[in-house]
Structures are given as C-alpha cells and as structure tokens.
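Colleague: Have a look at this one.
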Amino acid sequence: MNLKIKKIVKVIIPLLFGGALVWYLFTIIPPETLLEYFKNANYWWIALGLLFGILSHLSRAYRWKFMLEPMGYKPRFINSTLAVLIGYFVNLAIPRAGEVSRATVMTNYEGIPFEKGFGTIVAERIADLIMMFLIIGITLLIQFDFIIELLTKNVDPVKIGVILILCVGFGFLFYTYVRKSKKGIGLKIKNFVKSLIEGVTSIFRMKNKWAFIFHTVFIWIMYILMFWATIPAINGLDVPFGGILVGFIAGGFSIAATNGGIGLYPLAVAGAFTLFGVPEEPSTAFGSVMWAAQTAMIIIFGGLSFLLLPICNKAK
C-alpha cells in the first residue's frame with residue numbers, strides 16, 4: 001500500500017466509522033425526538049459554554065508565545081489565535097493535520113521555521129496529555145468508592161483479583177520488554193516515553209514556566225466548564241459532579257477516535273452518564289447538543305480565520 005492510499009484510508013475509515021455510529025445513534029434516539037431536544041434546549045447555557053470554549057482557545061494562542069519567545073520569535077497574538085482556530089478546523093476533516101496547518105500558518109505569516117513551530121506544538125500536546133492524565137487521576141480518587149462498588153456489583157471479586165494480578169504481571173513483562181528493546185515497536189515506545197519526559201522537564205526549564213503552567217491549567221478548566229455549563233441546556237438533565245468528570249473524559253477520548261468525535265461523542269458521553277443513573281435518552285441528546293455546539297464554533301471561527309489571515313496581514 002503506497003503512501004497516498006494510506007493517507008486516503010486514514011481519512012475515509014474514521015468518517016465511515018463515524019457515519020455508522022450516527023446511524024446507531026438514531027436507533028437509540030430517533031431523529032425527530034433529537035430535533036425536539038434541540039428546539040427546546042436553553043441556548044443561553046450553550047452560549048455560556050461556548051464562551052468558556054473561546055477563552056480556552058485564546059489562552060492556548062497566548063500560551064504559545066512562551067514556547068516561541070526563547071527561540072527569538074514574537075508572533076502577533078492575532079496570528080497565533082487565527083492559527084490555533086485553523087488547526088482545530090482542519091482537524092475536523094483530517095485528524096492530526098491541524099498541527100501541521102497551524103505550524104504552516106506561522107511559517108507563512110510570522111517567518112517561524114516549520115520545524116521549530118511544529119516542535120513547540122508537539123511539546124504543547126505533551127503538556128495537554130499530562131493534564132488529561134491528571135484529570136483522570138483526580139476523577140479516580142474522587143469516585144474511588146463508586147468505581148469499587150460498581151465493579152463489585154457487576155464483577156466477581158475473585159475475578160477482579162485475578163485481573164489485577166494479570167495486569168501487574170503483564171505490566172512488568174511489558175516494561176522489561178520495552179526497556180531492553182533496541183528495535184521495532186518496543187524501541188518506538190521507549191523513545192516516545194523519553195520524549196514525554198524531556199517535554200515535561202523542558203517546561204520547568206522554561207523562562208516563563210509558571211505562566212505556561214497557569215495557562216495550561218486554565219485551558220483545561222475552561223474545557224470542563226464548557227462541558228458543565230451546557231448540561232442545564234437540556235431540561236431535566238441532572239448529572240452529579242463525578243458523572244460530569246467521567247463524561248468529559250469519555251468525550252475527550254472519543255474526539256481522538258473519529259473526526260472531531262462525529263457519531264461517537266454523544267454515545268461516549270451518554271454511556272458515562274448512564275453509569276450514574278442518568279436516563280439514556282436525555283444523556284444522548286446532551287452529547288449531541290454539546291458536540292454540535294463545539295463543532296459549529298470550530299467551523300464558524302475556523303472558517304473566518306481563513307478569511308481574516310490575509311486581511312490582518314496585508315503587508316505580507
């Protein structure tokens with residue numbers, strides 16, 4: 001399979017998968033019922049959620065300068081903001097291509113070499129990955145009793161013990177394999193972990209490290225607030241705090257699986273909410289409204305960014 005076919009397959013398969021999930025979604029909640037939820041939604045709450053989303057994007061654009069300044073580059077805030085928005089927009093069509101387009105914009109309009117710009121974006125992604133793991137860890141601590149109760153209620157405790165022992169054993173063997181690997185996938189994993197550690201330590205060597213950390217935490221707080229603020233938009237939907245965190249995490253992983261979470265996002269969020277006794281239909285409706293709102297925001301602002309870039313950079 002040549003490179004061109006591989007690229008096409010990487011784009012088409014997630015779209016087909018997302019389309020199949022949309023069809024499955026309509027078996028849970030008919031289109032006419034879902035439309036009623038959209039008609040009756042409280043759009044003031046949705047607008048508040050989108051405001052938090054916009055603040056996260058602005059903070060991400062501003063945070064970028066802390067990684068570019070040590071290399072001698074001081075891009076205009078408007079250009080870094082438009083580049084970030086274009087990156088999100090492109091990711092909707094071609095997963096992971098947004099990072100490339102974002103670096104390309106800064107090369108064309110700010111003269112930042114592509115390799116350097118792209119390297120800072122990769123380092124940002126490492127920081128975001130750490131934040132996601134941190135949120136997962138906090139959620140596990142907060143919901144520890146609930147998770148144990150859920151497991152013991154649905155799974156035999158003996159089986160849980162056997163699974164834990166197997167996981168520890170497998171983890172030790174996997175660690176040994178990766179540590180001793182000198183080629184193949186083991187070496188790739190080892191190099192990825194090394195890059196992850198280097199990325200983390202580089203943050204603490206940064207001149208404005210505390211400003212960078214502040215914006216990183218702020219971005220993810222805005223993400224969670226965007227999710228939380230949209231919940232009251234669906235009448236009668238009552239989700240406990242633990243359910244909000246689990247739903248947020250499930251939705252976040254779904255976005256990485258299909259183009260912008262198409263089809264999968266509502267199902268992932270609904271699946272998380274139902275664990276906390278929230279009815280499936282309004283949970284699915286919320287996931288659909290949430291996905292539609294943030295996707296519309298990315299399409300509108302990303303599309304406008306393409307138009308504004310040449311206008312804001314007439315001299316170039």
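Matching residues to (1) of a type in the set (Lys, Arg); (2) modelled with pLDDT of 85 or more:
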| site | (1), (2) |
| --- | --- |
| PHE253 | no, yes |
| ALA256 | no, no |
| VAL269 | no, yes |
| LEU275 | no, yes |
| GLU281 | no, yes |
| ALA285 | no, yes |
| GLY302 | no, yes |
| LEU307 | no, yes |
| LYS314 | yes, no |
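Colleague: Of the conditions (1) free of Cβ contacts under 8 Å to residues at least 40 places away in the same chain; (2) of a type outside the set (Asp, Glu); (3) crowded, with 19+ Cβ neighbours inside 10 Å; (4) over 19 Å from LEU25 (Cα atoms), ILE221 fails just one. Which one is it?
Modeller: Only one criterion is unmet by ILE221, namely (3).
Colleague: Exactly one of (1) within 20 Å of ILE221 (Cβ to Cβ); (2) of a type in the set (Lys, Arg); (3) surrounded by fewer than 21 Cβ atoms within 10 Å (Cβ to Cβ) is unmet by LYS116. Its number?
Modeller: Status for LYS116: all satisfied but (1).
Colleague: Name every residue in the range 85-119 that is touching a Leu at 6+ places or on another chain (Cβ under 9 Å) and among the aromatic types (Phe, Trp, Tyr), in order of residue number.
Modeller: TYR109
Colleague: How many residues are among the polar types (S, T, N, Q) and modelled with pLDDT of 75 or more if we restrict to the range 171-221? Outline the logic, then answer.
Modeller: Going residue by residue through the range 171-221, those that are among the polar types (S, T, N, Q) are 176, 181, 191, 195, 201-202, 208, 216.
With modelled with pLDDT of 75 or more added as a condition, the list becomes 176, 181, 208, 216.
Counting residues in the range 171-221 that are among the polar types (S, T, N, Q) and modelled with pLDDT of 75 or more gives 4.
Colleague: Examine the range 33-54 for a residue that is charged (D, E, K, R) and either under 21 Å from GLN294 (Cα atoms) or in a helix (DSSP H, G or I) (or both), and state whether such a residue exists. Step through it out loud before you land on a result.
Modeller: Going through the range 33-54, the residues charged (D, E, K, R) turn out to be 36, 39.
Then keep just the ones that are either under 21 Å from GLN294 (Cα atoms) or in a helix (DSSP H, G or I) (or both); that gives 36, 39.
Yes, that holds for at least one residue.
Colleague: OK, next. Quick one: in the range 106-139, of everything that is among the aliphatic types (A, V, I, L, M) and over 26 Å from ILE262 (Cα atoms), which residue is nearest to the chain's Cα centre (by Cα)? Write out each step before concluding.
Modeller: Taking the range 106-139 and keeping what is among the aliphatic types (A, V, I, L, M), we get 106, 112, 121-123, 126-127, 129-132, 134-136, 138.
Checking the rest, the ones that are also over 26 Å from ILE262 (Cα atoms) come to 106, 112, 123, 138.
Numbers: MET106: 22, ILE112: 26, ALA123: 15, ILE138: 17 Å.
By that ranking, first place goes to ALA123.
Colleague: Only one residue in MET290, MET297 is under 30 Å from TYR109 (Cα atoms), under 16 Å from the mean Cα position of the chain (by Cα) and part of a helix (DSSP H, G or I), so which one is that? Spell out how you get there, then give the answer.
Modeller: On the way: MET290 fails: under 30 Å from TYR109 (Cα atoms).
Going through MET290, MET297 in turn, just one is under 30 Å from TYR109 (Cα atoms), under 16 Å from the mean Cα position of the chain (by Cα) and part of a helix (DSSP H, G or I): MET297.
Colleague: Further question: Taking the conditions exactly as written (outside any helix (DSSP H, G or I), of a type in the set (Phe, Trp, Tyr) and touching a residue at least 24 places away in the same chain (Cβ under 8 Å)), does PHE227 satisfy them or not? Reasoning before the result, please.
Modeller: On the way: outside any helix (DSSP H, G or I): no; of a type in the set (Phe, Trp, Tyr): yes; touching a residue at least 24 places away in the same chain (Cβ under 8 Å): yes.
When the stated conditions are applied, PHE227 does not pass them.
Colleague: Being crowded, with 21+ Cβ neighbours inside 10 Å and out of contact with any Phe, Trp or Tyr (no Cβ under 8 Å at 6 or more places or on another chain) is true for just one of LEU58, LEU82. Which residue is that? Can you show your working first?
Modeller: On the way: LEU58 fails: crowded, with 21+ Cβ neighbours inside 10 Å.
Answer to the selection: LEU82.
Colleague: If PHE218 meets every condition in (1) under 12 Å from the mean Cα position of the chain (by Cα); (2) aromatic (Phe, Trp, Tyr); (3) closer than 17 Å to MET131 by Cα apart from one, which number is that one?
Modeller: The failed condition is (1).
Colleague: Name the single residue, out of those in the range 61-79 being outside any helix (DSSP H, G or I) and at pLDDT 85 or above, that is surrounded by the most Cβ atoms within 10 Å (Cβ to Cβ).
Modeller: In this case the residue turns out to be PRO75.
Colleague: Show the residue pairs meeting these rules: Cβ distance below 6 Å; 6+ apart or different chains; first residue within the range 102-113 and surrounded by fewer than 20 Cβ atoms within 10 Å (Cβ to Cβ) and among the polar types (S, T, N, Q); second residue part of a helix (DSSP H, G or I) and modelled with pLDDT under 90.
Modeller: THR107/PHE114
Colleague: Within the range 265-285, how many residues are in contact (Cβ under 8 Å) with a residue 60 or more places away in the chain and either assigned to a helix (DSSP H, G or I) or under 16 Å from the mean Cα position of the chain (by Cα) (or both)?
Modeller: Final tally of qualifying residues: 8.
Colleague: Output the number of the condition that GLY236 fails; it satisfies all remaining conditions of (1) in a helix (DSSP H, G or I); (2) more than 24 Å from ASN91 (Cα to Cα).
Modeller: That leaves (1) as the condition not met.
The values are calculated or read from the model by the stated rules, or taken from the named source; none is laboratory data. Keep in mind that this is a model prediction, so the values were computed, not measured. Quick reminder, even Gly has a Cβ in these numbers, built from the backbone with ideal geometry, and neighbours come from all protein chains shown.
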